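Below: one structure, written as structure tokens.
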Amino acid sequence: MTRIFAIVVVSGLLWTASLPAVTPVDRPDWCEPPHAVADEGARESVSEAQIRAGAYSAPSDEPVRFSDGVRLKQFDQLLETESLSFDPDSRLVDIPVWLRYTDSLIQIEAARAYYDATDGTGRFDEVIYRLVGHDGSGHADSVAMVEPGQARLERFAFTTCDPDQPDWQLRAARVELALAEGVGTARHARLEFRGVPMMYLPYMSFPLNDERKSGFLYPRIGFSGGDGLDLSVPWYWNIAPNQDATLTPRWIQRRGVMLDSEYRFLTASQRGQADLEILPDDRRAGLTRYFGQFDYRARLAPGWNARADLRRASDDDYFIDLGNDLVESSVQFLRSSVALSGRGSGWRLDLGADDFQLLDDSVAAERAPYRRLPRIQFQAGRPMAHGLEWLVDSELVHFDRDVGVTGTRLDVRPVLRYRWLTPGSFVQPELALRTTHYRLDGDHRRNPDRTLPIASLDAGLFFERPAGSDRIQTLEPRLYYLYVPYRDQADLPDFDTRELTFGFSQLFHHNRFTGADRQGDANQLALALSSRLIEASDGRSLLEGHVGQIVHFSDRRVQLPGREKEQGSRSSTLAETVWRPAEALAVSAGLQWDSLNNETEVARVGLTYRGQDARQAALGYRMRRDQVDQADVRFRYPVNERLKLIGRLLYSFEDNEPLEILGGVEYESCCWALRLTARDYVRDRDGDRRTSVFMELELRGLASLGRAPYELFRDHP
């Protein structure tokens, strides 16, 4: 809308003012005498301007007149009319009849027009306009330049629909434009949809260019079975060129009035964003609710950066009650962290601290995350000669918590590595020494420690052969041997260590635990085989498969507290495959099979389809023994060119109930779209459900009213 206002005035009126000043005695050299143009027209140019007319006259003491098919052209701008006059004394350009103006941006038709080059005023009457290359069009009773840089439009209308039968229109009784300041104002503006008024504003302002401007944004509307109507009206505040804020009053029918705020700033060396949501009196919960976060990044000097990410909520149930989906409501804790990092040639240093707010009351206090105040990490590495290099990975951190063991841990792992590479093979032996020291607080042992070597050998081959005229098949065997001697670590605390989820990448990792509190003992050989079918022309993978397993030569005795040693001569077998039979279709599958117990530990299957006619589908199944057993089906199906059906079913076979059911319709015309969605989903771990209804009306080229629950295919590109 705002662009239209500026284009109508700037492209139309201002260009009309560029007509050259002619005099009765100086006949313009860009136009032939009348007798020469009466039959075939005339054209010459000065300053890249051209005029053609069937008739031309310049009598003394009278305006210069052009008539009979007047065409005035300059660059890509063209003015067509049947009569145009220019008075050199008053400097008035007058077009008393129908005219048509076009350029690369807009087409304008008007009943009449004039322009006074002396004071810069002018006017179009009964204007009809249409954007070139866009769907925007409309009309105005008049478009007037009341003074240089100031314009006024009377009874203005804009739409992106068929101008003869517009489904929606934005109307205003009067629009005033300050072109130099880039600001416009509208009086008595109203939005109509299918003839029904949807919004009325006695006064509104808007920018005429890409510059930001303070003002209200369009409202968002939702409904849920538990909270009732949910209405938000954002207000944008353009504080400075590098700062802005958005304040959003939000009314939740059964809870009360809430305020969401967002503040952003950006400088050459800093950027940040602060968000605060506050519900002063939640009528359902009987308390004040809030959530705040602050994200900050700064470049302090070459190679040195600082960051902060602070988050805090008023209570444990904030995201359960006010979150939008199951992902938010299942958050167990909020992490706040600050850090200073520097890097140079072959080294990196990170100084940081983090804290955690526990939100899940099912997590016992002795299992809550530790505060790390501070945490210092240092990595360094240097190449030596002939593929030999050394590196060191170290960490010093103090762990603090209200319950349980606390203290400081120093972990250092120097590594010596050799890399031998050829076009079809690689060999990488590696030798490390890991030493970890503790200083514990309280009545615990003061200085437990652990030191052990880590040796590994990673090697692989790469074969390829033609597979048809334009395809290549590869075969990629890989071996990874790891040896770590056993050290009794039962007296070491467990600050931040967990057992890694077994997956394909873990076949080639030096530790089966995260963190430094446990270093797993190992005497094992990982065997993996990959194969790919590749398009030779563009390198696109059509089919790929991976299979791997670890052969253990001894039991795994190092475990976390409460776990017994692992036995067995081999790990579960891992298999993964991805098949892309067409550009629109991809099929993937993964399997973790325990051959010793003859059972499936992990399985997943996925299919994604994206057709050219807006058809989309995603089918997924994932299973982890005794934990997860879920199917996820999503689709978007066009019934016809305008109507689409959408849906999702997320079903848990473990719980024997759907975790989410979503269904809706999307209707799209050439200039607007309506999306109506109903959603029923589990909102917390106790199985409480929430039912919501969302409606979004998109007026193309203008704005969207309401909101959708989420993007259905955001994780299925």
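The values are calculated or read from the model by the stated rules, or taken from the named source; none is laboratory data. This structure is a prediction, so every number in the text was calculated from the model and none was measured. Every residue, glycine among them, receives a Cβ derived from its backbone with ideal geometry; neighbour counts consider all protein chains shown.
The test for being assigned to a loop (DSSP other than H, G, I, E, B), more than 29 Å from Leu92 (Cβ to Cβ) and out of contact with any Cys (no Cβ under 6 Å at 6 or more places or on another chain) does not hold for Tyr200.
Within the range 149-161, which residues are in a strand (DSSP E or B) and either closer than 17 Å to Tyr115 by Cβ or of a type in the set (A, V, I, L, M) (or both)? Before you say what the answer is, go through the steps one by one.
The initial filter retains those residues of the range 149-161 that are in a strand (DSSP E or B), namely 150-159.
Across the range 149-161, the qualifying residues are Gln150, Ala151, Arg152, Leu153, Ala157.
Taking the numbered list (1) touching a residue at least 24 places away in the same chain (Cβ under 8 Å); (2) in contact with a strand residue (DSSP E or B) (Cβ under 6 Å, 6 or more places away or on another chain) in turn, Trp235 passes all entries but (1). Screening the range 316-364 for residues that are within 28 Å of the chain's Cα centre (by Cα) and among the β-branched types (Val, Ile, Thr) and picking the one that is modelled with the highest pLDDT gives Val338.
Hey, does the range 602-611 have a residue that's under 30 Å from Leu543 (Cα atoms), of a type in the set (A, V, I, L, M, F, W, C) and modelled with pLDDT under 90? Spell out how you get there, then give the answer.
Taking the range 602-611 first, the residues under 30 Å from Leu543 (Cα atoms) are 602-611.
Subset that is of a type in the set (A, V, I, L, M, F, W, C): 602-603, 605, 607.
Subsequent filtering for residues that are modelled with pLDDT under 90 retains none.
Within the range 602-611, not a single residue is under 30 Å from Leu543 (Cα atoms), of a type in the set (A, V, I, L, M, F, W, C) and modelled with pLDDT under 90.
Find the residue count for the range 504-526, including only residues that are part of a strand (DSSP E or B) and either out of contact with any Leu (no Cβ under 6 Å at 6 or more places or on another chain) or on the phi > 0 side of the Ramachandran plot (or both). Qualifying residue count, the range 504-526: 3.
Count of the range 405-432 residues, restricted to those that are surrounded by fewer than 18 Cβ atoms within 10 Å (Cβ to Cβ) and in a loop (DSSP other than H, G, I, E, B), is 3.
Which of the residues that make up the range 433-488 are in a loop (DSSP other than H, G, I, E, B), free of Cβ contacts under 8 Å to residues at least 60 places away in the same chain and under 19 Å from Asp411 (Cα atoms)?
To start, the set of residues in the range 433-488 that are in a loop (DSSP other than H, G, I, E, B) comprises 441-448, 462, 467-470, 485-488.
Within this subset, residues satisfying the condition of being free of Cβ contacts under 8 Å to residues at least 60 places away in the same chain are 441-448, 462, 468-469, 485, 488.
Asp441, Arg445, Arg446, Asn447, Pro448, Pro485, Asp488, listed by residue number.
Among the candidates Ser314, Ser337, Ser345, Ser362, which residue alone is closer than 18 Å to Ile376 by Cβ and among the hydroxyl-bearing types (Ser, Thr, Tyr)? Can you show your working first?
Values: Ser314 fails: closer than 18 Å to Ile376 by Cβ; Ser345 fails: closer than 18 Å to Ile376 by Cβ; Ser362 fails: closer than 18 Å to Ile376 by Cβ.
Step by step, each of Ser314, Ser337, Ser345, Ser362 is checked, and only Ser337 is closer than 18 Å to Ile376 by Cβ and among the hydroxyl-bearing types (Ser, Thr, Tyr).
If only one of Glu599, Glu641 is more than 19 Å from Val587 (Cα to Cα), acidic (Asp, Glu) and either buried (at least 16 other Cβ atoms within 10 Å of the Cβ) or at pLDDT 90 or above (or both), which one is it? Answer to the check: Glu599. Suppose we filter Asp135, Asp119, Asp68, Asp89 for residues that are charged (D, E, K, R), assigned to a strand (DSSP E or B) and either at pLDDT below 85 or touching an Asp or Glu at 6+ places or on another chain (Cβ under 8 Å) (or both); which single one remains? Of the residues listed, the single one that is charged (D, E, K, R), assigned to a strand (DSSP E or B) and either at pLDDT below 85 or touching an Asp or Glu at 6+ places or on another chain (Cβ under 8 Å) (or both) is Asp68. Residues that are in a loop (DSSP other than H, G, I, E, B) and touching a His at 6+ places or on another chain (Cβ under 9 Å) were ranked within the range 561-590; the one that is modelled with the highest pLDDT is Ser571. Checked against the criterion of being within 24 Å of Gln169 (Cα to Cα) and among the hydrophobic types (A, V, I, L, M, F, W, C), the candidates Leu659, Leu676 yield just one match: Leu676.
Please indicate, with yes or no, whether at least one residue in the range 268-277 is part of a loop (DSSP other than H, G, I, E, B) and more than 21 Å from the chain's Cα centre (by Cα). Yes, the conditions are met somewhere in the range 268-277.
On inspection, Tyr203 does not qualify as among the aromatic types (Phe, Trp, Tyr) and under 28 Å from Asp87 (Cβ atoms).
If you go through the range 530-546 one residue at a time, do you hit one that is of a type in the set (Gly, Ala, Ser) and closer than 30 Å to Gln377 by Cβ? Break it down into steps so the answer makes sense when it comes.
First, pick out the residues of the range 530-546 that are of a type in the set (Gly, Ala, Ser): 530-531, 536-537, 539, 541, 545.
Adding the requirement that they be closer than 30 Å to Gln377 by Cβ leaves none.
No: zero hits.
Exactly one residue out of Val132, Val127, Val146 is in contact (Cβ under 8 Å) with a residue 24 or more places away in the chain, touching a Lys or Arg at 6+ places or on another chain (Cβ under 7 Å) and either within 22 Å of Arg112 (Cα to Cα) or aliphatic (A, V, I, L, M) (or both), and it is Val146.
When every residue of the range 547-560 is checked against the conditions, none turns out to be free of Cβ contacts under 8 Å to residues at least 40 places away in the same chain, assigned to a strand (DSSP E or B) and of a type in the set (Phe, Trp, Tyr).
Condition check ((1) acidic (Asp, Glu); (2) under 26 Å from Trp237 (Cβ atoms); (3) free of Cβ contacts under 8 Å to residues at least 24 places away in the same chain) across all residues:
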residue	(1), (2), (3)
Ile108	no, no, no
Tyr114	no, no, yes
Gly122	no, no, no
Ala151	no, no, no
Gln165	no, no, yes
Gln169	no, no, no
Glu192	yes, no, no
Ser214	no, yes, no
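Any chance the range 470-479 includes a residue that's surrounded by 15 or more Cβ atoms within 10 Å (Cβ to Cβ), β-branched (Val, Ile, Thr) and more than 30 Å from Pro369 (Cα to Cα)? Yes.
Of all the criteria given as (1) among the hydroxyl-bearing types (Ser, Thr, Tyr); (2) buried (at least 17 other Cβ atoms within 10 Å of the Cβ); (3) within 29 Å of Tyr56 (Cβ to Cβ), the one not satisfied by Ser137 is (3). Looking at Arg471, Arg478, Arg540, Arg498, just one residue is at pLDDT 95 or above and of a type in the set (Lys, Arg), and that residue is Arg478.
Got a sec? Which of Leu659, Leu650 is modelled with pLDDT of 85 or more and within 25 Å of the chain's Cα centre (by Cα)?
On inspection, the qualifying residue turns out to be Leu650.
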